[in-house]
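Enquirer: Can you keep this structure in mind? I'll have questions shortly.
Derivation of every value follows stated rules applied to the coordinates shown; laboratory data play no part. Just so we're clear, the structure is a prediction, and the values are computed from it rather than from any experiment. We place every Cβ from the backbone using ideal geometry, glycine too, and count neighbours over all the protein chains shown.
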Amino acid sequence: MIVFTPLCGSAQSTSVPNAFCYLLQIDDIRVLLDCGAPDWRLGAGEDVEGEDEAASRRETKKWWSEYLSLLTRTAPEIDLVLFTHGSLQHIGLYSYARAKLGLSAPAFATLPVQALGRIAVLEDVEGWRAEVDVDNEVPEEYSGDGDVKMESGIQLLHKAIATADVVKEAFDSITTLKYSQATQLTGKLQALTLTAYSASHTLGGTLWKLRSASSGTLLYAVGLNHMKEQHLDGTALVRPGGGGVGEGLGRPDLLITDAGRVGIISVRRREREEAFLESITNTLRSSGSVLIPVDASTRLVELLIILDQHWTQAKTRAPLCLVSRTGKECVTFVRSLMEWMGGWITREGEVPTIGKDSKKRKRRNRKDEEDIEEEDALLANMILRFKHLQIFPSPEALMDAIHPSAPKVILATPLTMSHGASRAMFESFSSMRNNLLLLVNIAEKGTLARSLWDIWQREQAETAKWGKGRLGAIVKAETDISVRMNAKVPLAGVELEEYLNAEKAAKEKAAAEAAARPQLLLEADDDDEGDSEDEASDASSELAVEEELGGGTDEGVATRHFAEGSGAKGAGAEEEEADSARQQLSFDIYLKGKVARATFFKSSSGAQATRYRMFPYVEKRRRIDEWGETIDVGTWMRRGKKWEEEEETEENQAAKEARRKRQEEEQAQHAPPEPPSKYITEQHSIDVRCKVYFVDFEGLNDGRATKMIVPQVNPRKMILVASQPEATAELMQACGEIRSMTREISTPGVGEEVKIGEHSHSYSISVGETLFSTLKMSKFEDNEVAFVSGRIAFNPNSAIPVLEPAASAKSQDSAVVPTGTDQAREEQTMIATVPAQILPQTTLIGDLRLTALKARLSTLGITADFAGEGVLICGLSQTGNGGSDTDIVSVRKMGRGRVEVAGNVSDVYYTVRRELYGLYAQVAG
């Protein structure tokens, strides 16, 4: 049985995009599909003048509260985690859930999703922690359902933001897979087989295929894009050129997909690129600057390729800037992911172009194929080099390098403008009328970017609004926006003086305590006859020394030695008599290494040594060889380290990576200390006078593509997620108009369970060795199938029944012994009549594709052409062929599961029939 529960991003959502997080239970296996994070300023809202956002704030607070509450209850019970994309909406909350909510299940993703997701989450958590004291933040009060935490009767909401170290540790634990790599899981998950396919939309984006012996095939396909882009091919769910569904992805038992853009008609890619670049060019010519809010890793790559190529072709001199904390890491890593890319930059023999020059341009005068391949690789590397791009870690660094009034194009994170560089730069950027704010995605409600997009949408004509299939116009924003600005500023004046005085007093107190410890130790040793309180004082002094020196016996720090019943021998009769009456406690806190274990000169052989406190003096000796030459150990250590680096190969990359991380940690330790700072929050009123424009570069299917792809997949059951109620109803209506589509379509809300297969039962049965040896297996997709006919036999030694051949099972169950008369009568009957024989029936498994049959016939020299919808005419005569006009065979698809082959009896007929059968898995029984 399958149970599906949306934790976030249901089919009844009111704000899209939204976080993706779903619980899928297959029998007793609980799978978490994605673990996205919302924008943490949800509920704070950006107040546009004259608008009331109070209702929206309450709604978003309730939504976030319910999501975190459901995830907190579910996380400890998860057995498997799957990620589809590396954006915050799909993977942003994973590190926090793993560190705070008890999510310890194994996680799987592709390599780009793991790497780009790590970059995106690091950018997000570092950006927020640079502006908000997350660990000591005062939570917001919330009066509604779905509590997160209750303190003194007040419901509290917290930001679930992890630390950078937690993020790195969490993403290092993710197991990476390749596309089309079937992975059989182990342990409790051994009943599942995972296969990742390309979903496009983002680099490494994944649609997951899960196969279960009891529940069949499940497809989790969200965030799809069937269109080719600059660096990505279309999704593997559909074949290129409208060739149907990808191999192994058709007719699943359950399809889970999103319907968020069903009501949207997208503009052609070429027109969008032209409008995007034209708006930038006109702004730069008018001495204005362009600000583009972008995400940290996923969709950023597509924009960088378009802009860098335009800068090269148009020879633009204006600076192209990226303001991001993780920008350099992202650009560097993307260059190593060429094998995951597609699109125009990897198209052999073509020069990738953008905008008006997007027509294909073939290379000429290329004769040597090896040279062409080398030039293609060099071309791709040049495209991903981004030679026109300048990367800055902060807005301050950008201002220092480029004059604020100079025309430039700035890509700043984050996409929502809720914090970070894009929010900080907008305040000064928006006051200039020649500047252009260029939006490329629709952000979540309650964010600054969404408020600005709403301004642009309101000013568009009814036919030019977003989603109508037409590009809108540039809008001159004339409004005021109240924005909450968070910042971390250094202390100054009285606050700095108070902080320094407090820090100085703390250091003096620590130094006084450290100076008093040796005196306490000496006083503790003077009293050897002390009572139990003195012994406790000695023990506490010893612990203080251990804490001061910080280690164990191998590092020469304090170690306790207790001798019960007897003291040290050989120290005189008086000492022996005293030791017998008390428990001796001694210290060797200054002896390094294992010296404390050696015998001392006052101890007798065979007894425990008496140890005394010694001054830590180490005699320094010059190390020389037998020739009197001084040995320089450092030289040999440096040379050995160099040899180790030269011996590094691809087989021991783990050691190389560990050494790199260790060097980074050492550099971080030597970094200058951060000055004393404080966190402040201010409410700013921004007078927006800049121009605003929106061009959709989200890279997702529109409504027309979704309505065409879903019927081709033709699932037996379907669940819709991540969409608004209007879009959900529209897709369900479109599917209802198709006769072959399933009617079992579910649209659960957040926290609502959908049970599939609860009225069906599954049983386990074992195939006997005798029967298994007679089976004729036929390959079908990833499995081998055969027709089985037998009788069930129960073994007293096993609880699982066994399927045996019918003849053997009948002979075992038969308890009647025939007599001689009956046997003679039976033999006479068999001689007089011919026994009836049941001819075997053949079952064909698979889905016929006439295009595949046409390709197979063409390799055999038989021409074929389509004469209408669902009809293939084979054997047409051509010049030089030995066939005639009578050797014509037609193959017609009559309906679901019916194929008609008509033609004269000839070699062509039998050849077509043989190749047609070859496209199916044949099971005879």
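Enquirer: Is the shape of segment 218-309 rounded, prolate or oblate, going by the alpha carbon gyration tensor and its root eigenvalues a ≥ b ≥ c, with a/c under 1.5 for rounded and a/b larger than b/c for prolate?
Expert: Since a/c reaches 1.5 and a/b is larger than b/c, the shape of segment 218-309 is classed as prolate.
Enquirer: Give the calculated FRET efficiency between ASP865 and ILE845 to the nearest 0.05, with a Förster radius of 25 Å applied to their Cβ-Cβ distance.
Expert: Efficiency for this residue pair is about 0.35.
Enquirer: Apply 1/(1 + (r/R0)^6) to the Cβ-Cβ distance of SER685 and LYS315, taking R0 = 41 Å, and write down the FRET efficiency to the nearest 0.05.
Expert: 0.50
Enquirer: Stretch GLU753-LYS465 to full length: gain in nm at 0.36 nm per residue minus the Cα-Cα span?
Expert: Fully extending the segment from GLU753 to LYS465 adds 100.0 nm.
Enquirer: Please report, largest first and rounded to whole Å, the three semi-axes of the ellipsoid equivalent to segment 377-498, where each semi-axis is the square root of five times an eigenvalue of the C-alpha gyration tensor.
Expert: One finds semi-axes of 30, 25, 14 Å for segment 377-498.
Enquirer: So for each of 501-509, 247-255, 408-416 I average, over its residues, the number of other beta carbons within 10 Å; can you give me the resulting order with the highest mean first? Provide the component values of the computation, followed by the final result.
Expert: Values: 501-509: 10.1, 247-255: 19.4, 408-416: 25.2.
My ranking of the peptides, most packed first, is 408-416, 247-255, 501-509.
Enquirer: What is the order of CYS874, CYS8, fewest Cβ neighbours within 10 Å to most?
Expert: CYS874, CYS8
Enquirer: Among 211-221, 909-919, 31-41, what's the highest-first ranking by average C-beta atoms within 10 angstrom per residue?
Expert: Numbers: 211-221: 19.8, 909-919: 16.4, 31-41: 25.8.
So the peptides 211-221, 909-919, 31-41, ranked by packing, come out 31-41, 211-221, 909-919.
Enquirer: Quick one: what are the phi-derived ³J(HN,Hα) couplings along segment 468-478, Karplus 6.51/-1.76/1.60 with θ = phi - 60°, whole Hz, x for glycine and proline?
Expert: 8, x, 10, 7, x, 10, 6, 10, 8, 6, 10
Enquirer: As a footprinting exposure proxy, order GLU737, GLU459, GLU271 by other Cβ within 10 Å, with the fewest listed first.
Expert: Ranking GLU737, GLU459, GLU271 by Cβ neighbours within 10 Å, fewest first, gives GLU737, GLU271, GLU459.
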